[in-house]
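*Asks:* Supplied in structure tokens, the structure appears directly below.
The values are calculated or read from the model by the stated rules, or taken from the named source; none is laboratory data. Worth saying up front: this structure is predicted, and the values here are computed from it rather than measured. We place every Cβ from the backbone using ideal geometry, glycine too, and count neighbours over all the protein chains shown. Accessible surface areas use protein heavy atoms only, side chains included; no ligands, DNA or RNA. Shrake-Rupley method; radii C 1.70, N 1.55, O 1.52, S 1.80 Å.
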Amino acid sequence: MLRWGLGILVVLLLALAAAVGLALQFAPQVAPAQASVDAAGRSIAVLRAQDPRRLPAGSQASLVLRQADLEQLLNQASARWRPITWSVRLAEGRAQLTASAALATAPLPLWLNVEATLRQTESLPELQSWRVGSLPLPAWLGTWLLRTAAAALDQGFEAGLARDLVRRVEMRPGELRVVYVWRGDLAERLRAT
């Protein structure tokens with residue numbers, strides 16, 4: 001019985017080592033982005049131009065982002081925690097996101113590369129597939145991890161806010177359109193947090 005237990009433990013350890021070996025890579029899938037003040041300013045200007053606070057409560061509006069602006073905003077947002085470089089490819093009804101983060105540079109460069117494909121639904125996009133490095137993982141696991149991380153990071157406030165506001169997300173070649181309904185109490189709720 002002890003031999004069976006040790007055998008199972010060895011197999012599990014080998015499987016874990018293989019999974020880590022497939023997940024980590026020696027080069028980024030997305031080349032490190034060069035910070036551009038012009039591109040950052042343009043992305044922020046796009047958001048400011050579509051500021052919903054001037055809309056009457058209950059009105060429907062949409063935020064349209066070009067692929068390059070979305071990439072720039074993701075790069076800026078993630079730079080607050082860790083330098084992660086993003087690549088976004090928008091197609092009809094789907095989006096492919098690729099992110100690269102350096103884990104170590106010496107003695108051996110190690111990169112965590114994550115690739116995810118989202119598909120358009122009637123409301124918020126759903127995770128269709130994802131992989132970490134060369135290791136494909138089930139979509140249900142990615143969905144669970146995203147929900148758990150969102151709840152842990154913001155105690156669900158922003159995630160709940162997004163579910164309340166966003167009616168649908170449309171993906172087209174080179175463009176993302178978020179259709180939402182503006183609520184008049186949101187400015188106060190955001191200031192209170």
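*Asks:* Among V114, L165, A18, which residue has its Cα furthest toward the positive end of the charge dipole of the chain, with +1 on Lys/Arg Cβ and -1 on Asp/Glu Cβ?
*Replies:* After comparing all options, I get L165.
*Asks:* Taking H placed 1.01 Å from N in the peptide plane, check which residues at least 5 places from Q29 or on another chain put their amide H under 5 Å from its amide H.
*Replies:* The list, which skips near neighbours in sequence, is empty: none.
*Asks:* Spin-label point model (7 Å from Cα, Cβ direction): what's the V64 to A79 distance in nm?
*Replies:* 2.7 nm
*Asks:* Can you compute the charge dipole magnitude of the chain about its Cα centre, using +1 on each Lys and Arg Cβ and -1 on each Asp and Glu Cβ, nothing else charged? Give it in debye, rounded to the nearest 20.
*Replies:* On the way: 21 positive and 15 negative charges, 22 e Å.
The calculated dipole for the chain is roughly 100 debye.
*Asks:* First compute the accessible area of the chain with a 1.4 Å probe, then give the percent of it belonging to carbon and sulfur atoms.
*Replies:* 64 percent
*Asks:* Would you pull out the residues with amide H under 5 Å of L55's amide H, same chain only if 5 or more places away, H placed 1.01 Å from N?
*Replies:* Counting only residues 5 or more places away or on other chains, the set is empty.
*Asks:* So how far apart, in nm, are the two label points at R42 and L161 if each is 7 Å from Cα heading toward Cβ?
*Replies:* Label at R42, label at L161, 2.8 nm between them.
*Asks:* Please provide three numbers in whole Å: the alpha-carbon extents of the chain along the principal axes, with the largest listed first.
*Replies:* Each principal axis gives a Cα extent; for the chain these are 70, 39, 36 Å.
*Asks:* Another question about this same structure. Test of understanding: in a Gaussian network model of the chain with alpha carbons linked when under 10 Å, which of L65, L176, L12 would top the mean-square fluctuation ranking?
*Replies:* Top of the fluctuation ranking is L12.
*Asks:* Right, here's the next one. Per 0.36 nm of contour for each residue apart, how much would the distance between L146 and R94 grow if the chain were fully extended, relative to their Cα-Cα spacing? Before the final figure, lay out each step's value.
*Replies:* Numbers: separation 52, 0.36 × 52 = 18.72 nm, distance 1.80 nm.
Fully extending the segment from L146 to R94 adds 16.9 nm.
*Asks:* So, one more: Quick one: Karplus J couplings for segment 108-120, per residue in order, coefficients 6.51, -1.76, 1.60, θ = phi - 60°, nearest Hz, x for Gly and Pro?
*Replies:* Going residue by residue, I get 10, x, 10, 10, 9, 10, 10, 10, 9, 10, 9, 10, 6 Hz, with x marking Gly and Pro.
*Asks:* Using a 1.4 Å probe, what is the accessible area per residue for the chain, in Å²?
*Replies:* Here the residues of the chain average 65 Å² of exposed surface.
*Asks:* Which longest run of the chain has no exposed loop site in it, a site being GluC sites (Glu not before Pro) in a DSSP loop with at most 12 other beta carbons within 10 Å, and the site itself not part of the run?
*Replies:* Longest stretch, sites excluded: 1-91.
*Asks:* Now a separate question. Quick one, could you list the DSSP H helices from the chain stretching 27 Å or more along their long axis (Cα atoms) with average Kyte-Doolittle hydropathy of 1.0 or above? Can you show the working numbers first?
*Replies:* Numbers: long enough: 2-23 (31 Å, 2.27).
Within the chain the helices that satisfy the rule are 2-23.
*Asks:* For T105 and V179 in the same chain, what is the full-extension length gain: residue separation times 0.36 nm, less their Cα-Cα distance, in nm?
*Replies:* Working: separation 74, 0.36 × 74 = 26.64 nm, distance 4.15 nm.
Gain on extension, T105 to V179, equals 22.5 nm.
*Asks:* Would you please give the residues with an amide H less than 5 Å from that of S129, counting only those at least 5 places away or on a separate chain, with H modeled from the backbone geometry?
*Replies:* Counting only residues 5 or more places away or on other chains, the set is T117.
*Asks:* Ok, one more. Any idea what the dipole of segment 72-145 comes to, in debye rounded to 20, about its Cα centre with Lys/Arg Cβ at +1 and Asp/Glu Cβ at -1? Spell out each step's value before the answer.
*Replies:* Numbers: 6 positive and 4 negative charges, 41 e Å.
My answer is approximately 200 debye.
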